Amino acid sequence: MNDAEIVRRVLGGDVNAFARLVEEHGARILAITSRHVPQDRAAEVAHETFVRAFERLGTFKGESPFEHWLARIALRRCADFWRGRARSRETEFSSLGESAREWVESIPDTTADAGLEAQAERSEAGRILDWALDRLSSDDRMVLTMTHMEGRSVCDVAEFLGWSVSKVKVRAHRARRKLRDVLARVLD
């Protein structure tokens, strides 16, 4: 049975059939949310995605694959997560820990030799990047994550977010500049 048939069954009253959609797409949605929100919150956001999908199942028209429709909901839930978090920003640079602060202070000495990408492989760099991305708007974080960290094409990002290709390019450029500014303030 394909996704469209399962959706018809659920809308017809067989709500238990929705479990098949969760089983089939759960890993993919968890992978999406894991890339866009902190690891400890990814499962929660994935769950919220399926709750929202169940509530809005009647809006699925079948014009695109169910997986794409569900991925858009997941991305919106991730954006909602960051919007909510932006309202109560409590993470300060001092909360990163001593080793992270030491790493930031050592960047000017080490990046000349190893390059920024080699440094980004270190776990401290990942934590600092997450901290810096947390300072951006949800849309900026989303477009940077999808285009640069996941390596998606601009066309794919535009389709997922429902934006034009030019809007994705402009937002990605501005988001990179904002991220650079955030990181520069930390280094100064």
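Values in this text are rule-based calculations from the coordinates and carry no lab data. All of these numbers come straight from a predicted model, not from anything done at the bench. With ideal geometry, Cβ positions are generated from the backbone for all residues, glycine too; neighbour counts draw on all protein chains shown.
Things worth noting here:
- For region 170-178, 3J(HN,Hα) computed residue by residue from phi via the Karplus equation (6.51, -1.76, 1.60; θ = phi - 60°) reads 5, 5, 5, 4, 5, 5, 4, 5, 5 Hz, glycine and proline entered as x.
- Packing-based ranking, highest mean first, of 153-160, 70-77 given that Cβ atoms within 10 Å are counted: 70-77, 153-160
- Length gained when the stretch CYS155-GLU55 is fully extended (0.36 nm per residue, less Cα-Cα span): 33.1 nm
- Neighbourhood charge, 12 Å Cβ-Cβ cut-off, centred on ILE32 and excluding it, Lys, Arg +1 and Asp, Glu -1: +4
- Under the Karplus curve 6.51 cos²θ - 1.76 cosθ + 1.60, θ = phi - 60°, whole-Hz ³J(HN,Hα) for region 44-56, x wherever Gly or Pro sits: 5, 5, 4, 4, 4, 4, 5, 5, 4, 4, 4, 5, 9
- Panel order for ASP140, ASP40, by other beta carbons found within 10 Å of each beta carbon, from fewest to most: ASP40, ASP140.
- Table column - 3J(HN,Hα) (Hz), region 148-159, Karplus curve with 6.51, -1.76, 1.60, x for Gly and Pro: 9, 8, 8, x, 6, 6, 4, 5, 5, 5, 4, 5
- Förster-model FRET efficiency, 35 Å R0, VAL170 and SER34, C-beta, rounded to 0.05: 0.80
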